[in-house]
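Here the structure is laid out as structure tokens; the discussion comes afterwards.
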Amino acid sequence: MAGLYCACVVSFGWRLEAVAAAVFCTLIVALGLIDLEHLLLPDKLTLPGILLGFALQPWIEGVSLVDAVIGALAGAGLLILMINFWYWAREEEGMGLGDVNLMALIGAFLGWKGVVLALFVGALAGAVFGLTLMAARRLNLASKLPFGTFLAIGALFALFSQGRFVDAYLELL
């Protein structure tokens, strides 16, 4: 955590934005590690974290409160769609509502651009990890992975890239 706190100061300077980023890092790392160990994202952290993200919005440069609300709704909504599609296609639960709350938390802090990048990087990291373990015959299609852990990795990437990747992609359109 000390390394992440230093990265917050290096990335955001000695400003209140660094404090907001450090709070975000603390929540994300805690949730990612809890999901890694227990396949659970506790509401006791995610729900207050969403509110904290909205409350700290005045300190976060480049993300307005409107962006945060759109990000929280889009992040949660995308995962709800994924959950429902998976259930429709496989008739089994693919992920829990803790992942939905985690994406809403990410959106509350990072806005819709952060949600897009965190979801892309998290899904990519999870796919690479899962396929690697499947190739090594340590996982099969019925195995469960802690998606929240990979979303946490994506969220940290989104935080420290400061939207550069999403902006570059949107410029291509």
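Quick rundown of the values:
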item: Of residues in the stretch 1-14 being among the hydrophobic types (A, V, I, L, M, F, W, C) and not in a loop (DSSP other than H, G, I, E, B), the one surrounded by the fewest Cβ atoms within 10 Å (Cβ to Cβ); result: Ala2
item: Meets criteria (surrounded by fewer than 14 Cβ atoms within 10 Å (Cβ to Cβ) and among the acidic types (Asp, Glu)) for Glu17; result: no
item: Any hit, the stretch 23-34, residues being at pLDDT 95 or above, surrounded by fewer than 19 Cβ atoms within 10 Å (Cβ to Cβ), under 17 Å from Gln162 (Cβ atoms) and of a type outside the set (S, T, N, Q); result: yes
item: Number of the exception - Ala76 against (1) under 23 Å from Ala125 (Cβ atoms); (2) surrounded by fewer than 20 Cβ atoms within 10 Å (Cβ to Cβ); result: (2)
item: Residue that is of a type in the set (A, V, I, L, M) and within 14 Å of Phe150 (Cα to Cα), where the choices are Leu31, Leu110, Leu78; result: Leu31
item: The stretch 36-66, subset modelled with pLDDT of 95 or more and among the charged types (D, E, K, R), residue surrounded by the fewest Cβ atoms within 10 Å (Cβ to Cβ); result: Lys44
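The values are calculated or read from the model by the stated rules, or taken from the named source; none is laboratory data. Quick caveat, the model's predicted, so the values are computed rather than measured. So basically every Cβ, Gly included, is an ideal-geometry build from the backbone, and we count neighbours across all protein chains shown.
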